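A.B. asks: Handing you this structure, nothing more for now.
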Amino acid sequence: MSMATRYAEAVQAQFDAQPLPQATVLTERDLAHLPAPVARYLHRTGAVGREVVHNFRVRFHATMYRPDGAPMESEAWQVEFIDRPARFFFLRTAMLGVPVRVLHDYHGGAAQMQVRLAGLFNLVDERGATLSRAETVTILNDLCVMAPSALVDRRFTWDALDAHHAIVHFHSGAHRVSAVMHFDQHGDLVNFVSDDRHALPDDGERWSTPLRDYRTFDGRRVAAEGDALWHYADGHQHRYGTFRILDIAWNVAPRTDELDPAAANAP
């Protein structure tokens, strides 16, 4: 089975398992326990007065950077569920002209990541507790950036730092992860920094996602572009990806064309 088909089937199965609940609206009262910069950020994003988000679907353009190679221009699709955290991410790119597909699958507290070359064999096939913890950090990042109304949930706890920083702790199943949220003078989230995301041997000690280019999609304001960086103990860093949101929708229903396998598997 192709990775594109596996992605589409996994997404559909999760839609079956997590139908949308009755809509509720995020109110000012829901923000009362949040640190001041986080509450301000939720206002900036347009989350207050709108429906609480339970899932979202997003499409990216991604540029992936290898330390020893040319940038790889890529397309990526993702569907994420919030109430019982689940994330499905599919990326299509090419390396030296050879098709490469990447699939991240996180549900039920367990994660799997595969990188497949030319549809024939897996360059990477990772799973287990360490990867699942790392993917929990990714989910936390996604929620902070793309679905901040989720941050009022009691699964998140907080350490208030100052007017421009707060520490968020996220509890999901067996995993507890944390990050520092950085806000600018306007109240926008401009960086997310975590020391809890380690899955592969070449991962750095710290992971960050500088954010920029806020845009409005269907009344919600989102950082449309960001980088993914590893920071290493010797002081150097590696930007391994730049992601730009092409379109995003919240509280979505399943659809038959979740991912066109023919297009996703094309060279």
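A.B. asks: Here are some conditions: (1) assigned to a loop (DSSP other than H, G, I, E, B); (2) of a type outside the set (Lys, Arg); (3) within 23 Å of Val193 (Cα to Cα). Asp83 meets all but one. Which one does it not meet?
C.D. replies: Asp83 satisfies every listed condition except (3).
A.B. asks: Give me the residue from region 10-66 that is farther than 27 Å from Ala228 by Cβ and of a type in the set (S, T, N, Q) and, out of that set, surrounded by the fewest Cβ atoms within 10 Å (Cβ to Cβ).
C.D. replies: Looking at residues that are farther than 27 Å from Ala228 by Cβ and of a type in the set (S, T, N, Q), I get Gln22.
A.B. asks: Here is a follow-up. Against the conditions (1) assigned to a strand (DSSP E or B); (2) under 18 Å from Ala39 (Cβ atoms); (3) under 15 Å from the mean Cα position of the chain (by Cα), where does Leu151 fall short? Just the number, please.
C.D. replies: (1)
A.B. asks: Can you pull out the residues in region 50-72 that are modelled with pLDDT of 95 or more and more than 18 Å from the chain's Cα centre (by Cα)?
C.D. replies: Listed by number, the residues that qualify are Arg50, Glu51.
A.B. asks: Output yes when any residue across region 183-198 is closer than 15 Å to Pro35 by Cβ and either among the aliphatic types (A, V, I, L, M) or modelled with pLDDT under 95 (or both), and no when none is.
C.D. replies: yes
A.B. asks: Still on this structure, I have one more. Could you list, ordered by first residue, the pairs with Cβ atoms under 7 Å in which the first is in region 224-251 and more than 12 Å from Val145 (Cα to Cα) and in contact (Cβ under 8 Å) with a residue 40 or more places away in the chain and the second is of a type in the set (Ser, Thr, Tyr) and assigned to a strand (DSSP E or B), at least 6 apart or interchain?
C.D. replies: As it stands, the answer is Gly241/Thr63; Thr242/Thr63, since those pairs meet every condition given.
A.B. asks: Select, from Ala163, Ala147, Ala179, the only residue that is closer than 23 Å to Asp30 by Cα and surrounded by fewer than 22 Cβ atoms within 10 Å (Cβ to Cβ).
C.D. replies: Going through Ala163, Ala147, Ala179 in turn, the sole match is Ala163.
A.B. asks: Residues of region 190-216 being assigned to a strand (DSSP E or B) and in contact with an Asp or Glu (Cβ under 7 Å, 6 or more places away or on another chain), which ones?
C.D. replies: Taking region 190-216 first, the residues assigned to a strand (DSSP E or B) are 190-194, 206-208, 211-216.
Matches in region 190-216: Val190, Arg206, Arg212, Asp213, Tyr214.
A.B. asks: Among the residues of region 35-65, write down those that are part of a loop (DSSP other than H, G, I, E, B) and in contact (Cβ under 8 Å) with a residue 24 or more places away in the chain. Can you show your working first?
C.D. replies: Looking only at region 35-65, we keep the residues that are part of a loop (DSSP other than H, G, I, E, B), and these are 35, 45-50, 52-54, 65.
Of everything in region 35-65, those that are part of a loop (DSSP other than H, G, I, E, B) and in contact (Cβ under 8 Å) with a residue 24 or more places away in the chain turn out to be Pro35, Thr45, Gly46, Ala47, Gly49, Arg50, Val52, Val53, His54, Tyr65.
A.B. asks: Still on this model: Of all residues being out of contact with any helix residue (DSSP H, G or I) (no Cβ under 9 Å at 6 or more places or on another chain) and surrounded by fewer than 17 Cβ atoms within 10 Å (Cβ to Cβ) in region 69-82, which is nearest to Arg239 (Cα to Cα)? Just the residue, please. I'd like the intermediate steps shown before the answer.
C.D. replies: From region 69-82, those out of contact with any helix residue (DSSP H, G or I) (no Cβ under 9 Å at 6 or more places or on another chain) are 69-74, 76; that's our starting set.
Right, trim to surrounded by fewer than 17 Cβ atoms within 10 Å (Cβ to Cβ) and you get 69-71, 73.
Working: Gly69: 13, Ala70: 13, Pro71: 11, Glu73: 14 Å.
Only one residue fits best here, namely Pro71.
A.B. asks: Something else now. Could you please give the count of residues in region 174-189 that are within 27 Å of Phe81 (Cβ to Cβ) and either assigned to a strand (DSSP E or B) or touching a strand residue (DSSP E or B) at 6+ places or on another chain (Cβ under 9 Å) (or both)? Spell out how you get there, then give the answer.
C.D. replies: In the first step, residues of region 174-189 are kept if they are within 27 Å of Phe81 (Cβ to Cβ); the result is 174-183, 188-189.
Right, trim to either assigned to a strand (DSSP E or B) or touching a strand residue (DSSP E or B) at 6+ places or on another chain (Cβ under 9 Å) (or both) and you get 175-183, 188-189.
The number of residues fulfilling the criteria is 11.
A.B. asks: Pull up region 109-148, narrow it to residues that are touching a Ser or Thr at 6+ places or on another chain (Cβ under 9 Å) and assigned to a loop (DSSP other than H, G, I, E, B), then point me to the one that is farthest from Thr45 (Cα to Cα).
C.D. replies: Gly119
The values are calculated or read from the model by the stated rules, or taken from the named source; none is laboratory data. Everything quoted here is computed from the prediction, not taken from an experiment. When we count neighbours, we look across all protein chains shown, and the Cβ atoms used for this are built from the backbone with ideal geometry, even at glycine.
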